[in-house]
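Here's the structure, in structure tokens; my notes come after.
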Amino acid sequence: MAKILWQGHNLELRARSSALCRMPDFDIKSGERVALLGSNRDFRQALFRSMAGLSAPLSGRLSVDGEDLPLRNERNPWCDLFSKKLRRKIGVSLESEGLLSNVSVRESLETLFRFKYGDHNSGLVEGASRVVEETALRVGLEASALNKRPSELGRLELRLASLCLAFLTKPVILLMENPSQGLHDRGWQALSETLEQILEGSQRTLVMDTDDWLLAKRHASRWIVFEGERVIYDGSPEGYMAQGGEALLTELESERWHACRAWIEELRKNLGAA
């Protein structure tokens, strides 16, 4: 039986818009590939950021790999929610990249790697440069990009640099925030292929918060769909297509990706036969 990595019970979260988000009880098991989708990005983002240890719940219970996260502390809202052990097991790729802006990507990644491991693994810390180069190669980030500052990178390079940061500690859990935001056809395809290579044959758990239904179809086997102030669906992509095909068709037709065309035609055909 797969291990439960996240478990939420009676959760109340605070969205960036200051809205109060009440989440249904849920659990996510080891090895699952989950996409958070739907029109209410505020609620999606509130759940994602709590799962990533970036924002504490207001009330209820959220456990991550058996550790209960502390509730929001108004006196110290910036307290670290994850233990160091847990932080190393979870890689987080943020839409805002998470890199230091005033140094090169290489220096930024090396500094953040040292911070993540602290002083208890001096051998690993001393090898930070090697780890950065190996991880960059793994995610497809070119060596020339490592010597640039984040402001000098293209959109795909930024996404790959953020993915590189998430993978420095060889995490067993990967969280991705809007990974394809701002990417067009070639960049989107390159990112999707990189994800496929990273996930293929592994038991790595994936949770992505995304507006990109096609990326979710390619890489997630479970969809949690938000609409208004509630979750309207939690299950397989095929189940959602069967139950909410018309709504999904509307979403897809608003996408810019040419790659959606075949899927749109398939969905239209299935809806016509239903």
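Taken together, the values in this text are just the output of simple stated rules run on the coordinates, not laboratory data. Since we're looking at a predicted model, the values are computed, not measured. Methodologically, a virtual Cβ is constructed for each residue, glycine included, from the backbone with ideal geometry; neighbour enumeration extends over all protein chains shown.
Starting from the 7 Å offset along Cα-to-Cβ, what nm value, one decimal, do you get for the label separation of S30 and A190?
3.5 nm
Just the C-alpha atoms of the range 4-235: what Rg/Rh do they give, with Rh taken as the Kirkwood radius?
Values: Rg = 17.3 Å, Rh = 18.2 Å.
That ratio equals 0.95.
Go through 131-142, 184-195 and give me the packing order, highest mean Cβ count within 10 Å leading. Numbers along the way, then the final one.
Numbers: 131-142: 18.2, 184-195: 16.5.
By packing density, highest mean first, the sequence is 131-142, 184-195.
Under 19 Å from the Cα of K84, which lysines turn up, not counting those fewer than eight places away in the same chain?
Once the sequence-local lysines are set aside, what remains near K84 is K116, K170.
If R0 is 25 Å, what FRET efficiency do you get for R138 and K85 from their C-beta distance, rounded to 0.05?
On the way: r = 23 Å, r/R0 = 0.91.
With a Förster radius of 25 Å, E is 0.65.
So who's got an amide H within less than 5 Å of the one on L11, skipping anything under 5 residues away but keeping other chains? H placed 1.01 Å off N, in plane.
Under 5 Å from the amide H of L11 lie the amide H atoms of M23, R61, each far enough along the sequence or on another chain.
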